[in-house]
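Novice: My questions all concern the structure below.
Quick note: the coordinates plus some simple rules give every number you see, no bench work behind them. Please read these numbers as outputs of a predicted model, since none were measured by experiment. Here the Cβ positions follow ideal geometry from the backbone for every residue, glycine too, while neighbour counts run over all protein chains shown.
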Amino acid sequence: MKTTSLRLAKQNFKFSSAHFLIFDQKSAEMLHGHNYQVVVSILAPDVGNDSDDDGKMGYMVDFNVLKKFIKARLDVWDEHVLLPKNHPDMKCISSSNNKNYEVTFRDRFYSFPKEEVIWLNCSNTSVEQLSSILAEEFFKEFNKYGIAKLTVAVEETRGQSAATTIE
């Protein structure tokens, strides 16, 4: 079987977010931010050289379709605080005016405007978990194009990244 690999690493596949990593029962990073960069690699079935039954003429999908979806998805996290809703030490209540989240993490207290926080379905906001969340969402969306495998890499600092692959 012959496959083709597509790699999408556009300059605008980025998001800037604040977070902190939780290491163990006693230690965690301070709240800080990154300018994350994302790369998406897709393993496609053979696209052939000529027009086939679905009329693709030797390509899998218009790159613009993929790029628009990726960019729109990353924009959701851009300029937000990312917090893990599945960590047992992360507690949250709404403020009395219902405009803020009052978040406690062990001995720390934060108050964030609700529109600036995104609660992620994970236990830590590591690049490993961010790449996993994005890979699952992109695979679900791009599966209609017959992809065989998808890898999403999230880089938090130049040369420091994690990647998740789904088949």
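Novice: Give me the net charge for the shell around Val81: Cβ to Cβ below 11 angstrom, other residues only, Lys and Arg +1, Asp and Glu -1.
Specialist: Here the count lands on -2.
Novice: Let me ask something else about it. Given the -39500 (n - 2.57) contribution per DSSP H run of 4+ residues, what per-residue ellipticity at 222 nm results for the chain, rounded to the nearest 500 deg cm²/dmol?
Specialist: -6000 deg cm²/dmol
Novice: Mind jotting down the distance between the C-alpha centroids of the range 61-78 and the range 1-45, whole Å?
Specialist: For the range 1-45 versus the range 61-78, the Cα centre distance is 14 Å.
Novice: Continuing with this model, one more query. Suppose every Lys and Arg Cβ carries +1 and every Asp and Glu Cβ carries -1, with no other charges. What dipole size does the chain come out with about its Cα centre, to the nearest 20 debye?
Specialist: 260 debye
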